[in-house]
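Notes to accompany the following structure.
What follows is calculated from the coordinates using simple rules that are stated; it is not laboratory data. This structure is a prediction, so every number in the text was calculated from the model and none was measured. Methodologically, a virtual Cβ is constructed for each residue, glycine included, from the backbone with ideal geometry; neighbour enumeration extends over all protein chains shown.
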Amino acid sequence: MPHMTTGLFVGRFQPFHLGHLATVKFALKSVDDLVIVVGSAQKSHEQRNPFTAGERIAMIRAALKADDGVDMGRIMTIPVPDVDVHSLWTRQVDMLVPAYNIVFVNDPFTLFLFRERGVKTVEPPLQERSRLMATEVRRRMAEGEKWQELVPAAVAKAIEQIDGVERVKAVTQQDYHHHNHNHH
Ligand SMILES: Nc1ncnc2c1ncn2[C@@H]1O[C@H](COP(=O)(O)OP(=O)(O)OP(=O)(O)O)[C@@H](O)[C@H]1O
Ligand SMILES: NC(=O)c1ccc[n+]([C@@H]2O[C@H](COP(=O)(O)O)[C@@H](O)[C@H]2O)c1
């Protein structure tokens, strides 16, 4: 039997944007199967995490199905809640996803936790990082600016169907710009 490789792509995807899509395609060049790990799965309805895990999974699947360059048969999308004990988080990942050979992520803390265990990691190249970050998508939504161009069309449609912009506005505090810290 040929050796199959499985990759993980870890993020919160709040929401899934064109940079994430580029990284999915980048990862699919070097692995057979890709597991998209939807992190902080228990979180929603807060400024940094407005969408539920189910909503994020629906957005990701809609975007990838609509893309001719992505074979859905190679993609799994699995929600993973956070864990208070950091040393157990990668173990929880292991419990929830199929065996994997490599992890694609740029978040330094997540990289550290996998590397400490000797797991192979790759930092995918960031596309147009000044625009293509979920924080910027949420900022534009909150401030009534044009955000649709930063996400796949299917994601924009999915967000409109659930009144996602209203959600983001409702959960955004006035001092938005001072509250973008990472809470791991
Ligand atoms: N512009 C981008 N180009 C390519 N890959 C990206 C880009 N932005 C994020 N990624 C990849 O997606 C992973 C998960 O990203 P995450 O869900 O935290 O998105 P984000 O845009 O950084 O979100 P936020 O601004 O909410 O922190 C990152 O570790 C990185 O590998
Ligand atoms: N202890 C933990 O629960 C733990 C540790 C490291 C990463 N994570 C998660 O991995 C994901 C990393 O993605 P981000 O790049 O979006 O932060 C986040 O959902 C983060 O919460 C969780």
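Determine the calculated [θ] at 222 nm for the chain from helices alone, applying -39500 (n - 2.57) to every DSSP H run no shorter than 4 residues and normalising by the residue count; nearest 500 deg cm²/dmol.
Working: 7 runs with 70 residues, N = 184.
When only DSSP H runs of four or more count, the value is -11000 deg cm²/dmol.
Starting from one equal scatterer on each C-alpha and no solvent at all, send me the Debye-based log10 I(q)/I(0) for segment 6-171 at q = 0.20 Å⁻¹, two decimals.
For segment 6-171, the Cα-only Debye profile gives -1.40.
Among MET59, MET76, rank each residue by its count of other Cβ atoms within 10 Å, from fewest to most, as a rough exposure measure.
Details: MET59 29, MET76 15.
Lowest to highest Cβ neighbour count: MET76, MET59.
On C-alpha positions alone, give me the angle between the axis of helix 18-28 and the longest principal axis of the chain, in degrees, nearest 10.
Here the helix axis deviates by roughly 10 degrees.
Separation of segment 60-79 and segment 109-147 by C-alpha centroid, Å?
Rounded to whole Å, the Cα centres lie 19 Å apart.
Within the set of other residues whose C-beta is less than 11 Å from the C-beta of VAL168, count the net charge using Lys and Arg as +1 and Asp and Glu as -1.
Net local charge, VAL168 excluded: +2.
Rank the residues VAL38, VAL70, VAL103 as a footprinting-exposure proxy: fewest other Cβ atoms within 10 Å of their Cβ go first. Walk me through the numbers on the way to the answer.
Values: VAL38 27, VAL70 17, VAL103 24.
Fewest-to-most ranking of VAL38, VAL70, VAL103: VAL70, VAL103, VAL38.
Nearest 5 percent is fine: what portion of the DSSP beta bridges confined to the chain is antiparallel?
The answer is about 5 percent antiparallel.
Under the 0.36 nm per residue contour assumption, what length would be gained going from the current alpha-carbon distance of GLU136 and MET95 to full extension?
Using 0.36 nm per residue and subtracting the Cα-Cα distance, I get 11.5 nm.
Quote the relative contact order of the chain in percent (integer), defining contacts as alpha-carbon pairs under 8 Å separated by 6+ residues.
The value is 28 percent.
Pairs of Cα atoms under 8 Å, at least six residues apart: use those to get the relative contact order of segment 98-159, whole percent.
Over segment 98-159, the number comes to 23 percent.
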